[in-house]
Amino acid sequence: MLIVLLGPPGVGKGTQGERLARALAVPKIATGDVLRDAVKAGTKMGLAAQAAMARGDLVPDDVILGILHDVFSRPDAAKGAVLDGVVRTTAQAEGLRDLLSSLGRSLDRVLLFEAPVEELVRRLSGRTTCSSCQTPYSGREPGTKCDKCGGTLVRRPDDEPAAVRNRIEVYEKQTAPVIAWYRKHGPRVAAIDAVGKPDEVGARMHAALHV
Ligand code: AMP
């Protein structure tokens with residue numbers, strides 16, 4: 001199955017995407033993770049994307065479509081994938097559709113996670129992230145260690161309050177129109193209430209996949 005996860009920053013796409021990918025035995029591809037790895041490695045793509053990411057702005061569509069192009073040439077994505085954090089503009093939606101169609105593939109489902117803005121700000125301002133494997137944590141201080149890999153937890157520069165506000169604005173301006181685009185062009189968009197414990201939201205997600 002090939003699934004796109006949509007929803008504002010902090011809504012829990014990463015956490016739920018991880019569960020879904022495990023359940024479907026397909027990779028979870030998060031463009032944010034790919035870009036943060038590129039920044040850390042100091043590649044050309046990372047250096048070009050770094051400033052926009054720190055402000056909470058989007059990186060250019062052609063960079064994202066280049067990442068997607070690489071993703072779909074990976075053998076582990078042949079059976080499907082869970083795409084987290086992509087697509088974020090209608091140009092990316094069109095680019096992904098064209099790329100998949102050139103490979104004789106198409107998306108199966110779009111899952112839209114929803115939560116009130118105050119909840120997103122609360123979650124993001126209390127979030128730390130493993131600098132090594134990118135696992136997110138809530139209620140854990142920067143400098144403590146990741147349970148999964150022992151890496152050091154850090155506060156992402158774009159989880160600082162000014163960048164969070166900008167990311168939410170960018171979502172409303174540039175990414176919300178993608179919902180209308182998928183409702184028009186397909187595949188089916190299933191909306192999921194993302195307020196609640198991860199297990200509760202996970203159960204709603206699985207139910208939404210099967211309707
Ligand atoms: P995320 O981890 O999904 O919150 O992404 C972190 C940052 O990476 C975003 O604020 C953007 O700067 C950049 N980014 C990730 N995915 C995309 C995308 N599909 N389009 C544009 N920028 C992206």
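How much net charge surrounds T129 when only the other residues with a Cβ under 15 Å from the Cβ of T129 are counted, with Lys and Arg +1 and Asp and Glu -1? Mind dumping the intermediate values first?
On the way: positive: K13, R36, K40, R123, R127, R140, K145, K148, R155, R156, R167; negative: E18, D33, D37, D84, E141, D147, D158, D159, E160.
Value of the local net charge: +2.
Among S102, S125, what is the fewest-to-most ranking by other Cβ atoms within 10 Å? Don't jump to the answer; show the numbers that get you there.
On the way: S102 10, S125 14.
By the 10 Å Cβ count, ascending, the order reads S102, S125.
Which of the aspartates and glutamates could a cross-linker span from K184 if the Cα-Cα distance has to be under 14 Å and same-chain partners fewer than 8 positions apart are dropped?
E94
Using a ≥ b ≥ c from the Cα gyration tensor of region 1-42 (square roots of the eigenvalues), is it rounded, prolate or oblate, where a/c under 1.5 gives rounded and otherwise the larger of a/b and b/c decides, a/b for prolate?
oblate
Could you tell me whether the chain comes out rounded, prolate or oblate from its Cα gyration tensor? Rule is a ≥ b ≥ c as square roots of the eigenvalues, rounded for a/c under 1.5, then prolate if a/b exceeds b/c, otherwise oblate. Walk me through the numbers on the way to the answer.
Details: a/c = 1.38, a/b = 1.21, b/c = 1.14.
Verdict is rounded for the chain.
Charges on Cβ only, +1 for Lys and Arg, -1 for Asp and Glu, centred on the Cα centroid of the chain; of W181, V121, V195, which one is farthest towards the dipole's positive end?
V195
If you count the DSSP beta bridges with both ends in region 80-205, what percent of them are antiparallel, to the nearest 5? The partial results should precede the final answer.
Values: 6 of 11 bridges.
In region 80-205, DSSP labels about 55 percent of beta bridges as antiparallel.
Can you list the residues, at least 5 places off or on another chain, whose amide H is less than 5 Å from the amide H of I192, using H built in the peptide plane?
L112, F113, E114
Does region 152-209 classify as rounded, prolate or oblate by the C-alpha gyration tensor (a ≥ b ≥ c root eigenvalues; a/c under 1.5 gives rounded; else a/b over b/c gives prolate, otherwise oblate)?
Working: a/c = 2.98, a/b = 1.26, b/c = 2.37.
Oblate is the answer for region 152-209, as a/c is 1.5 or above yet b/c matches or exceeds a/b.
Counting Lys +1, Arg +1, Asp -1, Glu -1, what net charge surrounds A190 among other residues with beta carbon under 13 Å of its beta carbon?
Values: positive: R109, R183, R188, R204; negative: D108, E114, D193.
Local net charge: +1.
May I ask for the net charge around L112, where only other residues with Cβ less than 12 Å from the Cβ of L112 are counted and Lys, Arg are +1 while Asp, Glu are -1?
Values: positive: K13, R109, R183, R188, R204; negative: E114, D193.
Computed value for this residue: +3.
Can you compute 3J(HN,Hα) from phi for each residue in region 161-178, using the Karplus curve 6.51 cos²θ - 1.76 cosθ + 1.60 with θ = phi - 60°, rounded to whole Hz and x for Gly and Pro?
x, 5, 5, 4, 4, 5, 4, 5, 5, 4, 4, 5, 6, 9, 9, 4, x, 5
Every number here is computed from the coordinates shown, using simple stated rules; none is lab data. Please read all numbers here as calculations on a predicted model, not as lab measurements. Neighbour counts are summed over all protein chains in view; Cβ atoms, including those assigned to glycine, are modelled from backbone coordinates with ideal geometry.
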